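Below is one structure; the comments refer to it alone.
The values are calculated or read from the model by the stated rules, or taken from the named source; none is laboratory data. The structure presented is a predicted model; accordingly, all values stated were derived computationally and were not measured. Every residue, glycine among them, receives a Cβ derived from its backbone with ideal geometry; neighbour counts consider all protein chains shown.
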């Protein structure tokens, strides 16, 4: 790839343009940790893990086929909040603590008078979170170390159950909520491995396998957190003036393709995520986006709903509230370098394993669980083209994070 061209196209000089549609409304982004689409009720009506989110989805804009770009938490934050393809690999992921090669949502809205705050129920030592949050443009950061842990269970080896964020959130909103628009992000952590499934709301039988059952009970816990958070915004009179985004950072695997957790899972259980936008003033009957989308589309969607234009550069995604381009190919990578890549065009999904195992091609309309590869039946040259396309994209991502503005 032409590294200079890649770097020259980064949204490092962007700003917002007020239009006749501009509304100064609050934005809340809820990061649903390790939430795979098939384990939440809006995407699997037979599994009653998230009934509140399911009801909310009926009055929301829901992406039926949403994907992570790189299935790892920090990388998902970059894609979602900064609208640029995130880094691939451990080393480049750490570099976003030095700089991010884009102007992110809190920074953009901060120039328009928005205040911003970031809450997380995980420890701040995880992947340089204080530096990453600052580089995104947040004014305030509250990790679990700043919160009162009495009465709350540890949810995994580096975080607590997500309700621990509710009181700090209330305190901040009571102090700042009426002083103009704000951006608030809540990074949940309860469903992350090792799935300790806090029992505050009871434990149900969702699966025979213990690990999967504890995971799905942890997902169920987050549904209660979402319910409690929405109630808090209603009680404080902020709900009607707020646009809520709920998105999964990545999925989670339990051996469906002989892989576990998420970092190196290019299959649907690792990449397919929930994504919905809830706006009390829009979508009363619910709207659905049926074509494939990914986390890069969140930032353009939020700006579109707020009525802002963008000048000084372009972001890589498109607004889900407007017409989507036909035939778009979405790219994804495993977190480890040179481990695996995947692309989705319509119902067709290609997976490349860097020669460690045969490349795969799936028709997701007929084979949503990716059990039967059609690679051997593909037209001559098709796999070569898909592979080259993915490798060019991965090279472009590498060049992005070697750029002077990106670390």
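Per-structure values
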read-out: Residue in the stretch 146-188 that is farthest from residue 298 (Cα to Cα), counting only those that are in contact (Cβ under 8 Å) with a residue 60 or more places away in the chain and part of a strand (DSSP E or B); value: 155
read-out: Failed condition for residue 244, given (1) on the phi < 0 side of the Ramachandran plot; (2) surrounded by fewer than 24 Cβ atoms within 10 Å (Cβ to Cβ); (3) more than 14 Å from the chain's Cα centre (by Cα); value: (3)
read-out: Count of the stretch 105-115 residues which are buried (at least 24 other Cβ atoms within 10 Å of the Cβ) and touching a helix residue (DSSP H, G or I) at 6+ places or on another chain (Cβ under 7 Å); value: 2
read-out: Filtered residue count, the stretch 205-222, keeping only those that are over 30 Å from residue 108 (Cα atoms), touching a residue at least 40 places away in the same chain (Cβ under 8 Å) and touching a helix residue (DSSP H, G or I) at 6+ places or on another chain (Cβ under 8 Å); value: 5
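Table: residues versus (1) buried (at least 24 other Cβ atoms within 10 Å of the Cβ); (2) without any contact (Cβ under 8 Å) to a residue 12 or more places away in the chain; (3) in a strand (DSSP E or B); (4) not assigned by TED's automatic domain parsing to the domain that holds residue 267.
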| position | (1), (2), (3), (4) |
| --- | --- |
| 27 | no, no, yes, no |
| 38 | no, no, no, no |
| 42 | no, no, no, no |
| 46 | no, yes, no, no |
| 80 | yes, no, no, no |
| 84 | yes, no, no, no |
| 94 | no, no, no, no |
| 98 | no, no, no, no |
